[in-house]
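Asks: Sending over a structure as structure tokens; questions will come in a sec.
The values are calculated or read from the model by the stated rules, or taken from the named source; none is laboratory data. Computed from a prediction, not measured in an experiment: that's the story for all the values here. In this analysis, Cβ positions are derived from the backbone assuming ideal geometry, glycine residues included, and neighbour counts consider all displayed protein chains. For the accessible areas, the whole protein counts, side chains as well, though only heavy atoms, and no ligand, DNA or RNA atoms are used. Shrake-Rupley method; radii C 1.70, N 1.55, O 1.52, S 1.80 Å.
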Amino acid sequence: MDLHETALKAPQSSGVYLWRNEEGTIIYVGKAKNLKNRLCSYFSGQRTVKTRLLVSRAASIEYITTTNEYEALLLENNLIKQHSPRYNICLKDGKSYPVLRVTNEDFPKIFRTRRILQDGSTYFGPYPNVNALDTFIENIYRLYPVRHCRTLHKRETPCLYYHMKQCKAPCCGKIDKDEYNKYIEEITQLLSGQADQTIEKLSADMKAAAASLDFEKAARLRDGIKALMILQNQNIVESFDSEDRDYIAHYSEGELVSFTVLKVRGGKLLGRENYRVESLNEDDELLAEFMSAYYEDSKQLPPSIFVPTEAQCDFINRWLSEAMKSDTRVIVPGDNDRRDIAALNMARENAHEDIIRRLRDRGDTPAMEELKNLLGLDTLPVRIEGFDIAHIGGKFPVASLISFYNGNPDKKNYRYFRLKNTDGIIDDFESMREATTRRYTRLLNEQADLPDLIMIDGGIGQVNAVENVLNSLNLDIPIVGLAEKNEDLYLPGNSTPIRLPRRSDGLRLLQRVRDECHRFATSRNQQLRTKENTASVFLELPGVGEKRAAALQKKFITLEGLASAEESAVAQCLHIKNAQEAADILLAAKELLSRRQEKKDIQKKSLGAAGTTKEKAAEANYISSLADLALGLEVADKEGEE
């Protein structure tokens with residue numbers, strides 16, 4: 001695959017990318033907060049000599065997705081040390097990141113270090129953000145009375161930290177071992193990811209300090225909470241548990257299954273392996289099938305293998321013990337094993353990304369062929385267009401149009417429609433009529449290519465509504481509806497649904513179209529709601545800009561308050577000398593309030609209307625819209641279609 005094409009199709013998630021030459025040797029390792037943006041940057045804009053040289057020497061790009069940028073940074077460091085890529089030599093010094101050490105003593109000390117000693121001390125990290133680590137340690141010393149001195153010597157009198165109430169002076173015997181170690185246990189809980197309750201307590205203390213005007217203490221607690229939240233990032237890439245382990249997860253689409261194996265050796269994640277298979281087994285049987293093929297030699301087996309589900313774990317453990325003669329354990333992490341859960345999620349995300357690449361490469365032809373046979377289509381449904389409706393109680397109704405080409409999303413042909421006929425009322429049938437009418441009227445007017453199949457998110461009612469629209473436009477485009485409740489398929493004029501097996505390729509493709517329709521419509525509806533909630537209603541009045549809107553809101557608070565005000569009050573608020581201008585603003589406010597109230601009344605009626613009444617009203621609106629079409633008035637414009 002072309003390097004630039006690989007970059008364009010990379011996921012928008014954090015991770016590490018590897019450039020390989022013709023021989024397959026890794027020549028560069030980099031990390032990115034957004035893999036797609038970072039990789040695309042190598043092929044755009046004014047490129048440096050180093051970048052041009054790297055691209056010219058590369059033959060392929062691989063990437064490993066991570067949960068966050070922090071993990072990507074550590075994984076990049078590990079891979080650079082392991083492979084010593086040619087073009088990383090001048091850029092990375094290979095030093096270790098700092099860790100937090102809790103010494104193995106009767107009265108432990110806590111401090112930052114880069115040296116790992118096998119002396120029984122407990123280590124946390126590593127932490128690439130040194131400033132956050134230092135801030136965290138400073139706040140630990142402020143919040144917990146643990147010792148600051150490097151070595152503990154018996155003293156007659158305590159040091160200054162004791163008098164500052166930042167140390168309990170174990171050197172003078174003013175605290176016993178058990179009481180002192182309670183503080184250490186609490187600190188280790190913070191660092192072990194059990195800090196939620198402590199963060200809540202610190203937040204309450206911060207608010208109390210601010211309320212009592214002790215802003216210095218509040219700021220100190222704020223910085224401590226921020227540092228703790230940064231340190232709480234679950235790092236699955238590197239740990240101080242030196243036991244070797246594998247993490248195995250998979251993702252499937254139809255008969256396609258991709259497995260990802262993350263290999264942790266010596267406490268460090270050293271790489272990822274992807275395996276592509278085809279299997280018709282059920283999901284809970286796939287793991288055993290894969291492991292029996294993957295682990296052919298007992299020497300390959302690490303002490304622990306982590307998997308996401310308990311399905312067939314007993315069987316696998318028995319096979320490892322009896323057939324492989326191994327003590328390896330297959331483990332499903334518990335709710336508190338956050339690091340292991342995060343590692344399995346990372347493995348599953350990488351498997352999912354591999355499935356996306358496989359579907360993209362093959363074009364999902366089996367799914368299109370199944371739909372062609374099932375629905376009696378004349379040709380393969382290469383171009384599928386899907387529709388969905390999103391609204392909140394009739395407000396901000398939006399229709400989404402999703403386009404799939406060759407079985408994969410074609411995002412440049414996504415569209416949305418801000419619906420007009422159903423603004424303020426709930427009528428999904430009419431909403432679907434309006435969206436498809438505007439879409440296919442436009443395609444007819446522009447003499448553009450029509451889709452091979454239309455998928456409607458809904459049942460027989462929505463399908464028949466769209467069928468009527470196509471008939472009125474003299475269009476013969478196959479339609480299928482996908483009802484979410486039972487994943488039933490509906491064809492026009494037939495209320496008996498078609499039910500496909502859950503592992504059906506055709507059903508899976510329609511589900512992907514439906515889910516993308518729903519996501520796109522919902523996100524647009526949320527954007528409109530956010531805009532409505534954040535924009536001042538006073539901006540809708542003539543002659544009112546940002547400054548005047550702010551003044552009106554401060555004076556009258558609500559639109560109702562403005563509409564009931566006197567002209568003189570409006571003129572005084574806006575410093576208007578022209579009485580007519582103030583009168584126009586007041587009149588516009590009353591008219592706007594009236595329109596908004598009418599819309600609310602319509603919405604209330606639609607919520608309580610009977611289905612039959614709604615259908616009659618929808619049919620009347622539909623006939624009216626067709627009359628407009630005949631006059632050439634209803635075409636998809638820029639406002640309706642993005």
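Asks: Short version: ³J(HN,Hα) in whole Hz for each residue of segment 312-320, in order, from phi by Karplus 6.51 cos²θ - 1.76 cosθ + 1.60 (θ = phi - 60°), x for Gly and Pro, what are they?
Replies: Values, residue by residue: 6, 4, 4, 5, 5, 4, 5, 5, 5 Hz.
Asks: Specify whether the C-alpha gyration tensor of segment 296-355 places it in the rounded, prolate or oblate class, a ≥ b ≥ c being the square roots of the eigenvalues: rounded for a/c under 1.5, otherwise prolate if a/b is larger than b/c and oblate if not.
Replies: Working: a/c = 2.11, a/b = 1.59, b/c = 1.33.
Prolate, because a/c is 1.5 or more and a/b exceeds b/c.
Asks: May I pose another question? From the backbone phi of segment 2-13, what are the Karplus-calculated ³J(HN,Hα) couplings (6.51 cos²θ - 1.76 cosθ + 1.60, θ = phi - 60°) in whole Hz, Gly and Pro given as x?
Replies: Values, residue by residue: 4, 4, 5, 5, 4, 5, 5, 9, 6, x, 8, 10 Hz.
Asks: Filter the chymotrypsin sites (Phe, Trp or Tyr not before Pro) in segment 1-45 down to the DSSP loop ones having no more than 16 other Cβ atoms within 10 Å, then list what survives.
Replies: Numbers: sites: Y17, W19, Y28, Y42, F43; in loops: Y42, F43.
Answer in residue order: F43.
Asks: Using the structure shown, list the pairs from K81/K299; K9/K485; K36/K81; K109/K299 with a Cα-Cα distance above 31 Å, or answer none.
Replies: In this structure, K9/K485; K109/K299 exceed 31 Å between Cα atoms.
Asks: Once you place label points 7 Å from the Cα toward the Cβ at S203 and K555, how far apart are they in nm?
Replies: 4.0 nm
Asks: Identify the trypsin sites (Lys or Arg not before Pro) of segment 269-354 meeting these criteria: DSSP loop state and at most 10 other C-beta atoms within 10 Å of the C-beta.
Replies: Numbers: sites: R272, R276, K299, R318, K325, R329, R338, R339, R348; in loops: K325.
Sites meeting the loop and neighbour criteria: K325.
Asks: For T66, which sequence-distant residues (separation of 5 or more, or a different chain) have an amide H within less than 5 Å of its own amide H, given hydrogens modelled in the peptide plane?
Replies: Result for T66 returns S14, G15, V16.
Asks: Beyond 16 Å, what share of the Cα-Cα pairs of segment 345-417 is found? Please give it as a whole percent. Display every interim value, and only then the final one.
Replies: Details: 1659 of 2628 pairs.
Looking at segment 345-417, the distances longer than 16 Å represent 63 percent of pairs.
Asks: Taking a ≥ b ≥ c as the square roots of the Cα gyration tensor eigenvalues, with a/c under 1.5 meaning rounded and otherwise prolate when a/b beats b/c, else oblate, which class fits segment 360-472?
Replies: On the way: a/c = 1.81, a/b = 1.75, b/c = 1.04.
Prolate is the answer for segment 360-472, as a/c is 1.5 or above and a/b outweighs b/c.
Asks: Provide the per-residue ³J(HN,Hα) series for segment 327-338, in order, calculated from phi with Karplus coefficients 6.51, -1.76, 1.60 and θ = phi - 60°, each as a whole number of Hz, with x at glycine and proline positions.
Replies: For segment 327-338, the Karplus-derived couplings read 8, 4, 10, 9, 10, 9, x, x, 4, 8, 8, 5 Hz, x marking Gly and Pro.
Asks: So, taking all protein chains as they sit and a 1.4 Å probe, how much accessible area belongs to E200, in Å² rounded to tens?
Replies: 130 Å²
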